Each structure stands twice: as C-alpha cells, then as structure tokens.
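The structure appears below as structure tokens.
Just so it is clear, none of the values below were taken in a lab; they were calculated from the coordinates. Remember, it's a predicted structure, so these values are computed and weren't measured experimentally. Every residue, glycine among them, receives a Cβ derived from its backbone with ideal geometry; neighbour counts consider all protein chains shown.
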Amino acid sequence: MSEITAQNRIEVVLFDVGGVLLTNGWDHRERAAVYAHFGLTTDEQTAIEARHLAPNDAWERDAITTEAYLDQAVFFTPRRFTRDEFFTQMKTASQPLADSARRTLEALAASNRVMVGLLNNESRDLHEARMKTFGLGALVRFQFSSCYLGLRKPNPAIYRRALDILGLPGSRVLFLDDREENVVAARAQGMRAIRFTGESALQEALSAERLL
C-alpha cells in the first residue's frame, strides 16, 4: 500500500448507481422484463430495440424528454397500453442489487471521513425516481448524473466536469463503477478508480485506503 499523504488523501468517493447500488435503470435486462410484462412479441421487441439506442443517448443526456424517448423508441406505432403505464413499469424494473455497495455508501456517508456522491448515466425521470424510491439522494453530497451534466460515461468530459465542480485534482477523488471501460476512462482523466465486483472486495480496497 502506498503511503497516504496530505497530497494524495482521498476526499471524495463517487459511486456509479446501476450495477453498484441498484440494478440498471433501463438496460437490456430491464427492457426485456418490461417487454414481457406487456406481452410484446419478438418482432415488436426487435423493432423497439432497433430504435432504442439513439434516443436513449439523448434521453440520458437530458437532450430529450421521457415522452420524446418513448415516442421514438416505443410508441412509433399504436400500442395496447399507454405511455404512463409503460413508464410506470420501467420504474418498477429498478430493484436493489443483491451484492450492492449500499452498506459501504452508508458507512462512508456516516463517517465524515470523505464526501460521497454519484457519477452515473441515467435519464432525469428515472434517476430522480430511483433516488426517491431507494433513498439514495439523502445519502450523497453530489449527483453527477448524465442528465444534469449533459454528458455520458465514458466520455472523458464527464469526469473532467465532475473534477471541475469539485475543485479537486483526480488524485483526491475515488470513482467506483462495475464497467471496466468507465473505470479506464476515469483513470485516464486522473481519477483513482476501482471496478466494483462485490461489497467484500470493495470494503477491503477502501480499508487499504484507510477510508473504512
């Protein structure tokens, strides 16, 4: 373990949300569950998936509304259900993660050793629903969500923007994410970063940094 000095002491820990604290917000598993709930055929699912990617990128950057995303990706043809019914089911797809970092987040937030925040990709409506439903918003000081910054991981600019707002060098900020490409991108911008593989491994790494 490297020596911890005033120059490299971690002051902020930023958590991803989907895959670290909760299930993903609107990834392929969540979409599949919602399609099944509404009894969409394979052809209907394939058509939605073909239209999903471009509006989802804009939606998560808050460049379009939820209604616009749904119009482009789902309701380009008449459906047997309404937009409100579909979005309600989208929110229901979010669940606590079986082996999550929730207890670690709570411990860090209560310790006052570091400030804690979020750095995640999510649309505004889903992000805010997840914060409220699972009480995450009350635990963190910062919410660097793509919907607020207009940038998505692993775009290097989102990490630089977070550091600019924090007013800290990357060596003072630790980022936790379950996706390797996001961890690599954070390190390239000077952040310290750990790939989340489970709470036990995370707590061991944080203990080595004297954060727990």
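Odds and ends about this structure:
- Normalised contact order of the stretch 1-108, rounded percent, pairs of Cα under 8 Å and 6 or more residues apart: 42
- Once the chain from residue 155 to residue 204 is taken as fully extended at 0.36 nm per residue, the excess over their C-alpha distance is 14.8 nm.
- Protection proxy ranking of 153-162, 91-100 - average other beta-carbon atoms within 10 Å, highest first: 153-162, 91-100
- Applying 0.36 nm per residue to the separation of residue 63 and residue 128 and subtracting their alpha-carbon distance, the gain on full extension is 21.8 nm.
- Helix-only arithmetic for the chain: the sum of -39500 (n - 2.57) across DSSP H runs with n ≥ 4, divided by the residue total, places the mean residue ellipticity at 222 nm at -14000 deg cm²/dmol.
- Of all DSSP beta bridges confined to the chain, the antiparallel ones make up roughly 5%.
- With a cut-off of 20 Å on the backbone N, the residues of the stretch 73-91 near the modelled label site 7 Å out from residue 32 along Cα-Cβ are 74, 89-91.
- Those residues of the stretch 92-117 whose amide nitrogen sits under 11 Å from the label point placed on residue 9, 7 Å along Cα→Cβ: 113-114
- The mean sequence separation of alpha-carbon pairs under 8 Å and at least six residues apart, normalised by the residue count of the chain, gives a relative contact order of 29 percent.
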